[in-house]
Amino acid sequence: MPRIARSAALVSLAVLWLLPLAASADGHASGTPASGTPDWEALADVEEIEVITEDEDGEARETTIWLAVVDGQGFIRTGGSSWGKNVQRNPDVVLRIEGTEYPLRAEFIEDEGLRERVTDTFRAKYGWSDVLISPIRGSDPSIMHMLAR
């Protein structure tokens, strides 16, 4: 690839990466605040959402994640991620879904039957992407039920 084309491609990638950070003055995208819980069934086909947690130093951490809806309820999951450790420390999170921010509380799911149903829903929704990410996420991810605060 010629040097000019390669440089143009890198600049384009940088702009695409930085553009979402320009959404607000503090470098974080912002959404419209909402109260209560989302209409999970209406959001069941949404591919990616953002979870906003608080790091140990008090800084907000925004992470793009997947969503599963089982029996009209929203579920998220993670392996040993930084944002997952944040949720263990403080289960109050904000989910940004299609530009709307929902203040919610994460409840970790231990019931094996429910964990299996949620895992099956993620697998059905995300297919091979879910299979490929499994080794990174681990065999026993944290699965969280999203509840109103």
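Each value in this text was obtained by applying a stated rule to the coordinates, not by laboratory testing. Because the structure is a prediction, the values reported are computed rather than measured. Neighbour counts run over all protein chains shown; Cβ positions are idealised from the backbone, glycine included.
Table for the structure above
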read-out: For q = 0.11, 0.12, 0.14 Å⁻¹, Debye-computed log10 I/I(0) when each Cα of region 31-148 counts as one equal scatterer; value: -0.32, -0.39, -0.54
read-out: Potential lengthening between Glu107 and Ser134 on full extension [0.36 nm per residue; Cα-Cα distance subtracted]; value: 7.5 nm
read-out: Residues Leu114 and Ser30, FRET efficiency given R0 of 35 Å [Cβ-Cβ distance, rounded to 0.05]; value: 0.60
read-out: 3J(HN,Hα) from dihedral phi, region 120-128, Karplus parametrisation 6.51/-1.76/1.60, rounded to Hz, x for glycine, proline; value: 4, 5, 4, 5, 5, 6, 9, x, 4
